[in-house]
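Colleague: So that we are looking at the same thing, I have put the structure below in structure tokens.
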Amino acid sequence: MNENMEKVRCLIIGSGPAGYTAAIYAARADLKPVIYQGMQPGGQLTITTEVDNFPGYPKGITGPEMMEEFKQQAERFGTDIRFGVVTEVDLSKRPFLVKADDGKTISAETVIIATGASAKWLGMESERKFMGMGVSGCATCDGFFYRGQEVAIVGGGDTAAEEATYLAKLCKKVYMIHRRGELRASKAMQHKVLNTANIEMVWDSAPEEVLGDESGLTGVRVRNVKTGELRDLRVMGFFVAIGHKPNTELFGGQLELDEMSYIKTKPGTTQTSLEGVFACGDVQDHHYRQAVTAAGSGCMAAIEAERYLSN
């Protein structure tokens, strides 16, 4: 094991906007960061098409292109970016021990966790086929592209209700599909949804198939779970809002997590329950979940890691 042991001052796990921004700041602070990109290099942004809400890109940019630019900027300052997955972490003592699938064992003085969260999907073949061509997991990211059009959203919790009311301000009509006869969202959010004129509830129903052609999505077929009746909704956009799952499996039992398994950080910081371990981006944020807030928290994590090492 010791033959492959490598000593690192700052190890970053994950490579979305949070991880790459942490790398840029850590590299410029001469921490010589090593970053393992994980299963999905670039994170959730690599499955989005246009990004129009990140400052500094007045003409917009695609998610994959933006992540490639973040990566190049991190590399420019000397970040060691590795294609691979961290398979095991031991945070019981410092330096922390981390194993990766490239066979290396790393002894890290600080660890920045930027493993993100994964949107939960319905699991339909057609949903995957039209991902980024009408199917989206984020209304605040992609709603703008459907201004004045008809869209559908599936879900019944607070996130779905918030996203439905957000879409209703932009879109001509929003079909909200829910498999029960009442929403799970808080009473205040339910009231908002049910009193928005251009939101039509599609109760007791579940999406059966996403419909479309070469140009993209054209509709969604729903099945009434009580009667079995099928109905085709003619929509240009289909938003899946059935929740997110933070990628925290590696850290269970070692770091303090909240009731939804997100990493708990001290308010106003990225400091986790263990000194020298920092968390940034969607792995600790289920409120904003935006590229720009993830990047901001990545900056915070690197600055906090540097200060921690200089003490």
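The numbers here are math on the coordinates, done by the rules we state, and not lab data. Note that the structure is a prediction, hence the values are computed from the model and not measured. Heads up, the Cβs are rebuilt from the backbone with ideal geometry, glycines too, and the neighbour counts pull from every protein chain shown.
Colleague: Using a Förster distance of 25 Å, how high is the FRET efficiency between Asp102 and Lys266, based on the Cβ-Cβ distance and rounded to 0.05?
Modeller: Once the sixth-power term is evaluated, E becomes 0.15.
Colleague: Looking only at Gly253, Gly156, Gly84, which one moves most when the chain is put into a Gaussian network model with springs between Cα atoms under 10 Å?
Modeller: Gly253
Colleague: Taking Cα centroids, how far is region 76-133 from region 1-45 in Å?
Modeller: Centre-to-centre (Cα) distance: 9 Å.
Colleague: Taking R0 as 45 Å, what's the FRET efficiency between Asp158 and Glu68 from their Cβ-Cβ distance, rounded to 0.05?
Modeller: Computed FRET efficiency for Asp158 and Glu68: 0.85.
Colleague: Sequence neighbours fewer than 8 away in the same chain don't count; with that in mind, list the lysines whose C-alpha is under 28 Å from Lys192.
Modeller: Within the straight-line cut-off, Lys192 pairs with Lys120, Lys169, Lys172, Lys173, Lys226, Lys245.
Colleague: Using Cβ counts within 10 Å as a stand-in for footprinting exposure, how do Met67, Met189 rank, fewest first?
Modeller: Met189, Met67
Colleague: Still on this structure, I have one more. Compute the distance in nm between two label points, each set 7 Å from the Cα along the Cα-to-Cβ direction, one at Leu230 and one at Ala197.
Modeller: 3.5 nm
Colleague: With a 10 Å cut-off between alpha carbons and a GNM built on the chain, which of Thr196, Thr159, Thr293 moves the most?
Modeller: Highest fluctuation among the options: Thr196.
Colleague: If a helix is a whole DSSP H run, which ones in the chain reach 15 Å or further along their own axis (Cα) and hold a mean Kyte-Doolittle hydropathy of at least -0.5?
Modeller: What comes out of the filter, once short or polar helices are dropped, is 17-28, 158-170, 291-310.
Colleague: Going by how many other beta carbons lie within 10 Å of each one, how would you line up Trp203, Trp121, fewest first?
Modeller: Taking fewest neighbouring Cβ atoms as first place, the list is Trp121, Trp203.
Colleague: Dividing the convex hull volume of the Cα atoms of region 59-104 by its residue count, what figure in Å³ per residue is obtained?
Modeller: 123 Å³
Colleague: Next question, about the same structure. Starting from 0.36 nm per residue, how many nanometres of slack lie between Arg147 and Asp52 once their C-alpha separation is accounted for?
Modeller: Numbers: separation 95, 0.36 × 95 = 34.20 nm, distance 1.37 nm.
Length gained between Arg147 and Asp52: 32.8 nm.
Colleague: What is the chain's relative contact order, in percent, from Cα pairs under 8 angstrom and six or more apart in sequence?
Modeller: Numbers: 716 pairs, mean separation 65.1, N = 311.
Across the chain, relative contact order equals 21 percent.
Colleague: Hey, another quick one. Among His286, His191, His178, what is the fewest-to-most ranking by other Cβ atoms within 10 Å?
Modeller: Details: His286 16, His191 13, His178 23.
The fewest-first ordering by Cβ neighbours comes to His191, His286, His178.
Colleague: So, with +1 on the Cβ of K and R and -1 on the Cβ of D and E, and no other charges, what is the size of the charge dipole of region 105-214 about its Cα centre, to the nearest 20 debye? All intermediate terms of the calculation are to be shown ahead of the outcome.
Modeller: Numbers: 12 positive and 15 negative charges, 85 e Å.
With Lys and Arg at +1 and Asp and Glu at -1, about 400 debye.
Colleague: Let me ask something additional. Zone of Leu309 (label point 7 Å along Cα→Cβ, backbone N under 14 Å): which residues in region 93-126?
Modeller: Hits in region 93-126 for Leu309 at 14 Å: 95-96, 107-113.
Colleague: Using only the alpha-carbon atoms of the chain as identical scatterers, what base-10 log of I(q)/I(0) does the Debye formula give at q = 0.06, 0.13, 0.14 Å⁻¹?
Modeller: Taken in order of the listed q values, log10 I(q)/I(0) reads -0.23, -0.92, -1.02.
Colleague: Which whole number in µm²/s is D for region 121-240 by Stokes-Einstein, with the Kirkwood Rh taken over Cα pairs at 4 °C and 1.567 mPa s?
Modeller: 93 µm²/s
Colleague: With a 10 Å cut-off between alpha carbons and a GNM built on the chain, which of Gly60, Gly281, Gly38 moves the most?
Modeller: Of Gly60, Gly281, Gly38, the most mobile in the Gaussian network model is Gly60.
Colleague: Using R₀ = 41 Å, calculate the FRET efficiency as 1/(1 + (r/R₀)^6) where r is the Cβ-Cβ separation of Phe83 and Glu208; round to 0.05.
Modeller: Taking R0 as 41 Å, the efficiency between Phe83 and Glu208 is 0.60.
Colleague: Moving to a separate point now. Please give the length that would be gained between Arg94 and Ser186 if that part of the chain were fully extended, namely 0.36 nm times their separation in residues minus their C-alpha to C-alpha distance (nm, one decimal).
Modeller: Going from the current span to full extension adds 28.8 nm.
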